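Below: the structure, in structure tokens.
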Amino acid sequence: MATDYDAPRKNEEELNEDSIEELKTRRTDKQSASVDEDEAEAADSYELPGADLSGEELLVRVLPAQADEFTCASCFLVRHRSQIAREKNGLYYCKECEG
């Protein structure tokens, strides 16, 4: 919250009056009795802009691991062999997991 240091300052009595007035207005405000909506239900009703993709299937071509790649036994990401930090029992671990 920004503070205007040039504005005249209120004395303690005026501050107490303001806080009492705020309390009175808060007391008269009614709180909502409704419960927050479930996130899953809200996500189902949300529609992305653009075309309807609900009937589409994604086709992804998966390549096998190349000769210069390995799969980290900790994070299971495929990485370049230059990222090998340790080998234990035939399993390779990347620098990020070992670092």
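The values are calculated or read from the model by the stated rules, or taken from the named source; none is laboratory data. Since the model is a prediction, treat every value here as computed from it, not as a measurement. So basically every Cβ, Gly included, is an ideal-geometry build from the backbone, and we count neighbours across all protein chains shown. When the accessible area is computed, the model is the full protein with side chains, heavy atoms only, and any ligands, DNA or RNA have been set aside. Shrake-Rupley method; radii C 1.70, N 1.55, O 1.52, S 1.80 Å.
For this structure, a couple of remarks:
- Being surrounded by 10 or more Cβ atoms within 10 Å (Cβ to Cβ) and either at pLDDT 75 or above or under 30 Å from GLY99 (Cβ atoms) (or both) is not true of THR3.
- Candidates ASP52, ASP18, ASP36, filtered to the one that is over 25 Å from the mean Cα position of the chain (by Cα) and at pLDDT below 70: ASP18
- Scanning the range 67-99 for residues that are open to solvent by 90 Å² or more (accessible area, probe 1.4 Å), part of a loop (DSSP other than H, G, I, E, B) and not hydrophobic (A, V, I, L, M, F, W, C) returns ASN89, GLY99.
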